[in-house]
1. Go through Ser159, Ser173 for me and flag whichever is assigned to a strand (DSSP E or B) and either modelled with pLDDT of 95 or more or under 17 Å from the mean Cα position of the chain (by Cα) (or both).
2. Within segment 44-59, how many residues turn out to be of a type outside the set (Val, Ile, Thr), crowded, with 17+ Cβ neighbours inside 10 Å and closer than 20 Å to Arg130 by Cβ?
3. So Thr188 fits all but one of (1) modelled with pLDDT under 95; (2) touching a Leu at 6+ places or on another chain (Cβ under 8 Å); (3) among the β-branched types (Val, Ile, Thr); what number is the exception?
4. Looking at segment 234-256, which of its residues are part of a loop (DSSP other than H, G, I, E, B), of a type in the set (D, E, K, R) and surrounded by 15 or more Cβ atoms within 10 Å (Cβ to Cβ)?
5. Anything in segment 176-233 that is part of a loop (DSSP other than H, G, I, E, B), surrounded by 19 or more Cβ atoms within 10 Å (Cβ to Cβ), free of Cβ contacts under 8 Å to residues at least 40 places away in the same chain and out of contact with any helix residue (DSSP H, G or I) (no Cβ under 7 Å at 6 or more places or on another chain)? List them, or say none.
Amino acid sequence: MVVRRGEARALALAKELAALMSAHKLQVMSEPEFAGALAAEPLSALELARQADLILVLGGDGTLLGIARLIEDPSVPILGINLGGLGFLTEVPVAEAKPALERVLAGDYEVDHRITLEATLSGSPVKRLRALNDMVVNRHDARRMLDISVVADAQPFCSYRADGLIIATPTGSTAYALSAGGPIVFPTVGAIILAPICPHALGNRPAVLPDSFELEVRVGPGAEDARVTADSQELLEFRPRDAVRVRRADNPVALVRSTHPYFEIWRNKLHWG
């Protein structure tokens, strides 16, 4: 169980769901600060990701993103209960939390395997980021633009002068990339979205590329404060002489599919008619 911090509703619901799982003779695990309240085995987030057979998230999309990046086994499903805002990833409303968990425990559920992205620095494979939503190249000093060049599938693709560049998965197409004018992409499509942030040239529009392409991103001189962030939660700093390589990661994330059709979720979340 991964519980949103500072949210009394999340902890109250977590207690109910923990009791339900205990009644099914299942071992409940959680991060140490919640373990006592949930009568759970205390484990770090990394150990939860490694040991759990099911990840139950009670919070918002940010809470889910934090644990999803750590899960290496694509067979481990994540059930997200929405106690946040929009909730594109934590799709299950609180009122449906118990029935949804019961269905999962009974094996009556399906999952969507969502691609993730991996970013590494040239010459430093140890430094690696993983993202379910997006990788963002920008700089600490938001007042200054970046010169960004992108090579896609070993071919020169585009040069941008912009505040930054968003490289998003279909899952992340409804997040930061959408705010930058990017398209909404059905979450199981095999694609990568490139969306420049406030580009200087109006012709620099968002683009959709196959997820089989590896991207190489470089920044121009004078951008010593450049960085790449994963899901707005982890970052790597790099210098103009470095290249950031972004590719589809080998391990997708399994999200338990809501009983609500995805188009219905779009209509409700985006207030479509």
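The values are calculated or read from the model by the stated rules, or taken from the named source; none is laboratory data. Keep in mind the model is a prediction, meaning the values are calculated, not measured. Neighbour counts are summed over all protein chains in view; Cβ atoms, including those assigned to glycine, are modelled from backbone coordinates with ideal geometry.
1. On the way: Ser173 fails: assigned to a strand (DSSP E or B).
Step by step, each of Ser159, Ser173 is checked, and only Ser159 is assigned to a strand (DSSP E or B) and either modelled with pLDDT of 95 or more or under 17 Å from the mean Cα position of the chain (by Cα) (or both).
2. 4
3. (2)
4. Asp242
5. The answer is Ala180, Pro199.
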